[in-house]
Amino acid sequence: MGTRERRGRSYSADAHLASLFNDALLNISISSRGSLALAAVGGYGRGELSPGSDLDLLFLHNGNIPEADLTKAVEKILYPLWDSGYSVDHSVRTRSEVKEIADTDGRVALGLLDIRWVAGNRDLVDTVESVALMDWRKNGARWINELRKYSQERSRRSGELAYLLEPDLKESRGGLRDITALRGIAKTDFVTVELDRIAKAESTLNNAREALHSITGKSSDRLSFFEQDKVAELLGYKDADELMLNIAQSARTVDYLSETVFHRFDQYRPGAKLFSFKGRGSNDENVTEIAKGVGIYRGEVVITGDLEIDPLILLRAAASAAQRGVPLSIDSCKLAKEKLNSFPEPWPREAREDFVALLGAGNAMAQVWEALDQAELTQILIPEWNRIRSLPQRNALHRHTVDRHMVETALHASLLTRQVHRPDLLLVSALLHDMGKGLPGDHSIIGAEIIKPILQRMGFSENDVSIVETLVMHHLLLATVATRRDLDDPTAINSVCELISDPLTIELLHALSISDGQATGNTAWSNWKASLVADLVNRVKKQISGVGLPPQPEFSESEKDLAKSGEIHLSLIKRDEITELLIIAPDRPGLLSIVAGFLTISRLNVRSARTRTFANSAVMRWLVLPDVYAPDISESALKQSLIQTLNGELDIAEKMKERASSYRSASPIPVPPPIVEVIHDGATEATVLDVRSHDQMGLLYLLGKAVTEAGVDVRAAIVSTLGAEACDSLYITEVDGRPLDPKRALAVAQSIEQQLRANKI
């Protein structure tokens, strides 16, 4: 796979088309034969023909050929192509018609820049080629703006190539369409486009597209999850991760150059030289100095000082650019790469301050960091960064590569700096918190080990290093405990306090948890999750301060009265996207499973369930999230349905089967089997079982059935979904309310695991 093969494929197509063209001429009048030409445009015109690519053809004529001859010649060429299985995109026009449509349609005008003669009257093609280029340059400013608009539309429609699990190699932002646009911009002469910067990226993306077409036999450019391993193998990558890493890096390079070019176009002034700054010094009349060795030139921050004498200029320039919200010059970054081989160790205080200022600058920081990264300057500042650069995260939770996720976390952290006492430590921990990913073992523990020498090189104090190590090691702690443990159980709070024992660290960890969750995406963070984490932090702070934990909640008088009555009760309170249900009903074996099933068929997704017994009634609190398309919840209707269910008037098992059958068949993606683990000392008055399983409709219903068959009770259930993975925690007791002994707990866990593996709704 490569340029040679695509060129060879294009030339073979040329020969075939030329033969068809010559045969076609034999079927028309002699006087018409010199009036027609066949040209290739677009990707075919560039000689970049992949197996699934269309043949983009332009039939050119001088207007003198009779309609019957024209139709006959075109059909004599097209029909054999269609019969042979070629996908053809063609048009039949005169030179004036080509010019007319190119004057109004930027996509047509762009395609004509790659026009190439195939057969017939060469002068016709040459004339169109020269006029197309002349008109393109004359209307260059207009077309550049059009290309930017097209790029933005594609980005909204197809996403960012670098960060998609299943990207479109052509249409996604940073893809092959954007490369074609850059080639077009280069021909306007409005702005310099250093196409050599993206030569490797273009080859990588084209090779991946060619391999994809070869494997699928289709023209689709979407690189699906199932095809990535095959494409990787065909191209000689060790695995799909290496393939996607190279694709991500390529897309980022293309996207970065595109953004730079569009910015420089915005700075264009008629009569001015093409945009370029090579570090001529601050005495240049067009440079405004803003810091020592740093200036602004045509809306970009440039390095004017001597990096060999003062290497700290690099961070000074980066911080200045981010704080002003303007790009860091690509030329200056290239200069810095040439001049800097290392950075002073440990960093002076000024360097640390500039680094923190860069991280805390807000949205502009990402653009500046990308400039540093594209020039491989991040590797000079943080050599360890190279390992996680564009490292893919192939799961539905994460929308970014590892390195970009950490940058996004720092961006979110910058919004919280006024809420913590050490914003510098928050920002640094946010940027580095996932450094352990991609290595064997727990990435949190490994990450804490990796960042220690990084922080020492940056010149942070021993105490500061220790705090950031703790933050990185436990950056998942709060979210995990908040969503998978019963916060009314003192054991849950104590488990955090044993690891985090001071107010500053818990304050920073809280902010880091928020930033990490928000940067991950909506599937990983919500108002409900944020409220759980905040509640946990509040309780931990009280415990740390010596205030102590509040006593476990007792039943209210009204709840006691309802429980004594023996009647079925249901009430609800809506809280943002979460709805809280209070259900009180006579206790009986399997009640939690029945209610869980009832909520499932009512299109209410369970997030947590807590149950206690009073006066032979179960007092249950459920947090549920309605389906997106579920109708508004009616308390009275829900209560009536619950009564019917508990009275046996509704067959819950049958209803569950009916709802399951309405869903699409299970994903063919192989998933690991469910796992049930005993968490020793996880609760004060119960035994905790952690359940990890592929998410499915009615999972809590199945869990409840399995628990009942195991002969134990459920005191609480905490439900968490991470992408396609369900992470549920069950607080179980013996029927008499005692925690299970270790041997019994293990047997119950094994029994539930077997039930889950065997059972289907």
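Here Asp89 and Ser31 are evaluated by their C-beta separation; at R0 = 22 Å the FRET efficiency comes out at 0.15.
Of Ala413, Val712, Thr491, whose Cα points farthest to the positive end of the dipole of the chain (charges on the beta-carbon: +1 Lys, Arg; -1 Asp, Glu; origin at the Cα centre)? The listed residue farthest towards the positive side: Ala413.
Classify the chain from the C-alpha gyration tensor, please: rounded if a/c falls under 1.5, else prolate or oblate depending on whether a/b exceeds b/c. Kindly include the intermediate steps, with their values, before the conclusion.
Details: a/c = 2.82, a/b = 1.54, b/c = 1.83.
Cα axes put the chain in the oblate bin.
Placing +1 on each Lys and Arg Cβ and -1 on each Asp and Glu Cβ, with no other charges, gives the stretch 557-758 a dipole about its Cα centre of roughly 220 debye. Ordering Cys333, Cys727 from the fewest to the most neighbouring beta carbons within 10 Å gives Cys727, Cys333. Counting charges near His443 (Lys, Arg +1; Asp, Glu -1) among other residues having Cβ under 9 Å from its Cβ returns a value of -1.
Straightening the chain between His421 and Glu557 buys 44.7 nm, computed as 0.36 nm per residue apart minus the Cα-Cα spacing.
Ranked by how many other Cβ atoms sit within 10 Å of their own Cβ, fewest first, the residues Thr733, Thr304 fall in the order Thr733, Thr304. When the charge dipole of the chain is built from unit charges on Cβ atoms (+1 for Lys and Arg, -1 for Asp and Glu) and taken about the Cα centre, the candidate among Leu509, Leu604, Trp143 whose Cα reaches farthest toward its positive end is Trp143.
According to the calculation over all Cα-Cα pairs in the stretch 141-266, the P(r) per 5 Å bin from zero is 2, 12, 23, 22, 18, 11, 7, 4, 1 %.
In this rough spin-label picture, where each label sits 7 Å from Cα along the Cβ direction, the Thr288-Asn647 distance is 7.8 nm.
Can you put Ile303, Ile493 in order, fewest other beta carbons within 10 Å first? It would help to have the intermediate numbers written out before the result.
Working: Ile303 26, Ile493 21.
Going from sparsest to densest Cβ surroundings: Ile493, Ile303.
Charged side chains reduced to their Cβ positions (Lys and Arg at +1, Asp and Glu at -1) give the stretch 3-138 a dipole of some 360 debye around its Cα centre. Farthest towards the positive end of the charge dipole of the chain, among the residues Ser258, Ser593, Ala181, is the Cα of Ala181, using unit charges on the Cβ of Lys, Arg, Asp and Glu. Residues whose amide H lies under 5 Å from that of Asp587, counting only those 5 or more places away or on a different chain, are Ser617, Ala618; hydrogens are built 1.01 Å from N in the peptide plane.
Suppose every Lys and Arg Cβ carries +1 and every Asp and Glu Cβ carries -1, with no other charges. What dipole size does the stretch 1-83 come out with about its Cα centre, to the nearest 20 debye?
Numbers: 8 positive and 10 negative charges, 60 e Å.
Computed charge dipole of the stretch 1-83: roughly 280 debye.
In the chain, the longest principal axis of the Cα atoms and the axis of helix 3-25 are about 50 degrees apart. Using the Cβ-Cβ distance between Ala366 and Glu567 with R0 = 60 Å, the FRET efficiency computed as 1/(1 + (r/R0)^6) comes to roughly 0.55.
Rounded, prolate or oblate: which fits the stretch 557-758 when a ≥ b ≥ c are the square roots of the eigenvalues of the alpha-carbon gyration tensor, with rounded for a/c under 1.5 and prolate only if a/b beats b/c?
It comes out oblate by the Cα gyration axes.
Answer rounded, prolate or oblate for the stretch 3-138, using the Cα gyration tensor with square roots of eigenvalues a ≥ b ≥ c: rounded when a/c is under 1.5, else prolate when a/b is larger than b/c, else oblate. Verdict is oblate for the stretch 3-138. Computed from Cα atoms, the angle from the helix 443-457 axis to the main principal axis of the chain rounds to 70 degrees. Between the helical axis of 402-414 and the longest alpha-carbon principal axis of the chain there is an angle of about 70 degrees. Rounded to the nearest whole Hz, the Karplus-based 3J(HN,Hα) values (6.51 cos²θ - 1.76 cosθ + 1.60, θ = phi - 60°) of the stretch 227-238 follow the sequence 9, 5, 5, 5, 5, 4, 4, 5, 8, x, 7, 5, with x at glycine and proline.
A short reminder: the numbers here are calculations on the coordinates, not readings from a lab. Note that this is a predicted model, so its numbers are computed, not measured. Heads up, the Cβs are rebuilt from the backbone with ideal geometry, glycines too, and the neighbour counts pull from every protein chain shown.
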